[in-house]
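Down below is the structure, laid out as structure tokens.
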Amino acid sequence: MLETIWFVIWGVAWAVYFMLDGFDLGLGTLFPFLAKDETDKRILVNAMGPFWDGNEVWLITAGGVTFAAFPRAYAIMFSGLYTPLMLLLFALILRGVAFEFRGKVDSARWRATWDACLVAGSFLPALLLGAFANIFKGLPLDAAGLFHGNLLTLLNPYGLLGGVLFVVIFAVHGALWLATRTEGELQARAGRFATGLWLVEAVVAVLFLGMTWFDTRLWQNVLAKPVLLALPIVAVAGLLLTRVFAAKGAWWKAWFASSALILGAVLFGVAGLFPALLPSSLDPAASVTAFNAASSPLTLKIMLGVVLCFLPVVIGYQLWVYLTFRDTLTAESIRKGPAY
């Protein structure tokens with residue numbers, strides 16, 4: 001029972017992380033296309049600046065859950081997938097430094113350098129996180145947990161399509177976020193990007209779901225428990241409503257619909273994996289599951305108490321941040337605001 005509870009916590013932590021950090025990863029990816037001058041750039045950076053580090057708390061939470069609740073899965077993941085995980089870590093560090101450094105020197109070349117780092121540090125994590133769809137397909141793990149492959153093993157059509165899907169979903173999510181935070185021409189530009197990319201998002205999502213049917217067991221596992229069909233239904237409804245609300249200029253509704261798409265899609269993947277954390281493509285019996293990778297019952301009980309105590313604090317802090325910085329961003333407010 002404890003293993004199942006922690007599996008759910010693990011999945012929810014990843015889903016919330018993708019929903020929250022997804023918009024600033026997407027906005028960073030679109031940075032050179034949405035910002036036409038320095039004022040636009042400062043607006044974009046300030047649309048992300050107060051939130052990005054709080055959003056990444058959920059990444060730390062998801063990683064911490066993996067380490068504390070499923071240490072065997074953590075060890076195998078960080079040994080077998082060392083290269084992409086290090087690339088992800090370095091890209092996220094680069095993005096964080098870019099936020100803090102771009103406004104420190106009044107030089108166009110200085111800002112351009114850190115703007116490029118911001119774009120790279122946003123696009124690469126989105127691509128790499130999507131490429132971890134390889135986990136759905138199964139990793140070449142033997143009974144001892146050894147990874148029989150390399151970085152090129154992950155560069156297969158399914159994994160690459162997962163990477164493209166995340167880049168596009170996050171780009172739409174980010175453009176919608178900017179539309180909720182701005183007005184005038186910049187808001188209109190963000191709205192055009194969101195609606196224009198939506199068709200690409202829909203096509204890639206359909207292709208990915210189709211490949212998921214043939215290349216993984218996610219659909220079969222979900223269909224075995226029909227109540228779980230609510231998750232892909234939420235994802236599809238979110239995808240469709242994103243376009244409906246964006247067409248009406250209801251940007252907040254469109255952003256929440258996009259959030260529903262991300263939550264539904266990620267939780268569908270997690271539910272389809274259960275009880276596996278790292279399924280093996282070599283031998284299903286060699287898969288790393290919530291039961292053979294879990295910590296001791298005492299550890300799971302103690303950690304559950306810690307989570308129940310501190311999770312409300314994290315949620316409360318994030319709500320405070322979002323409410324505090326909820327005002328619309330304009331050129332005037334940026335001139336008086338933080339020097340991002």
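The values are calculated or read from the model by the stated rules, or taken from the named source; none is laboratory data. Since the structure is predicted, the reported quantities are computational estimates derived from the model, not experimental observations. With ideal geometry, Cβ positions are generated from the backbone for all residues, glycine too; neighbour counts draw on all protein chains shown. Surface accessibility is based on the protein's heavy atoms, side chains included, excluding ligands, DNA and RNA. Shrake-Rupley method; radii C 1.70, N 1.55, O 1.52, S 1.80 Å.
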Quick one: what are the phi-derived ³J(HN,Hα) couplings along region 215-232, Karplus 6.51/-1.76/1.60 with θ = phi - 60°, whole Hz, x for glycine and proline? 9, 9, 10, 4, 5, 4, 5, 5, 5, 5, 10, x, 4, 6, 5, 4, 5, x
Ranked order, Ile315, Ile233 - accessible area, probe 1.4 Å, largest first: Ile233, Ile315
For the chain, with every protein chain kept in place, what is the accessible area per residue (1.4 Å probe, Å²)? 45 Å²
Per 0.36 nm of contour for each residue apart, how much would the distance between Val203 and Asp283 grow if the chain were fully extended, relative to their Cα-Cα spacing? 25.5 nm
Under a 10 Å cutoff between Cα atoms, tell me which one of Pro275, Pro284, Pro140 has the largest fluctuation in the Gaussian network model of the chain. Pro284
Taking the mean number of other Cβ atoms within 10 Å as a proxy for protection, how do you rank 116-129, 241-254, 299-312, 37-50 from highest to lowest? 116-129, 37-50, 241-254, 299-312
Calculated FRET efficiency, Val313 and Leu155, Cβ-Cβ r, R0 45 Å, to nearest 0.05? 0.65
Helix 297-324 sits off the longest principal axis of the Cα atoms of the chain, rounded to the nearest 10 on a 0 to 90 degree scale, by 10 degrees
Quick one: if you stick a label point 7 Å off each Cα along the C-beta vector at Phe90 and Trp252, how many nm between them? 4.2 nm
Taking a crude spin-label model, label points 7 Å out from Cα along the C-beta direction, the Val227 to Lys104 distance in nm is 5.2 nm
Using Cα pairs closer than 8 Å and at least 6 residues apart in sequence, work out the relative contact order for the chain, in percent. 27 percent
Against the rule of thumb 2.2 N^0.38 Å, how large the Cα Rg of region 172-281 comes out: 1.21
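Taking N as the number of residues in region 95-193, what value does Rg over Cα atoms divided by 2.2 N^0.38 Å take?
Expressed relative to 2.2 N^0.38 Å, the Cα Rg reads 1.46.
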What whole-number value in cubic angstrom gives the convex hull volume per residue for the C-alpha atoms of region 45-146? 105 Å³
Bin width 5 Å, origin at 0, all Cα-Cα pairs of region 1-72: what percent of pairs per bin? 3, 16, 21, 16, 13, 10, 8, 6, 4, 2, 1
For region 1-128, which whole-number percentage of the solvent-accessible area (1.4 Å probe, protein heavy atoms only) is attributable to carbon and sulfur atoms? 73 percent
Which whole-number percent is the relative contact order of region 123-224 (Cα, under 8 Å, 6+ apart)? 30 percent
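Okay, helix-only estimate at 222 nm for the chain: each DSSP H run of n ≥ 4 adds -39500 (n - 2.57), divide by all residues, round to 500 deg cm²/dmol; what do you get?
-25000 deg cm²/dmol
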When the chain is modelled as a GNM with alpha-carbon springs shorter than 10 Å, which of Ser287, Ser296, Ser107 fluctuates the most? Ser107
Would you mind getting me the FRET efficiency between Ala116 and Ala188? Use the beta-carbon distance for r and R0 = 35 Å, nearest 0.05. 0.85
In a Gaussian network model of the chain with springs linking alpha carbons closer than 10 Å, the residue among Gly103, Gly26, Gly80 that fluctuates most is Gly103
Divide, for region 261-307, the radius of gyration over alpha carbons by 2.2 N^0.38 Å, where N is the residue count. 1.43
Any lysines with Cα under 20 Å of the Lys41 Cα? List them, leaving off those in the same chain fewer than 8 positions away. Lys104, Lys336
The relative contact order of region 227-340, taking Cα pairs under 8 Å that sit 6 or more residues apart, comes to a percentage of 16 percent
Looking only at lysines whose Cα falls under 22 Å of Lys301's and that sit 8 or more positions away or on another chain, we get none
Using the Karplus equation 6.51 cos²θ - 1.76 cosθ + 1.60 (θ = phi - 60°), what ³J(HN,Hα) coupling, rounded to whole Hz, does each residue of region 246-256 give in order, writing x for Gly and Pro? 5, 4, 8, x, 8, 5, 5, 4, 5, 5, 5
Can you figure out the FRET efficiency of Phe325 with Tyr82, using R₀ = 30 Å and their beta-carbon distance, to the nearest 0.05? 0.25
How much of the pair distance distribution for the chain lies past 34 Å, counting alpha-carbon pairs only, in percent? 25 percent
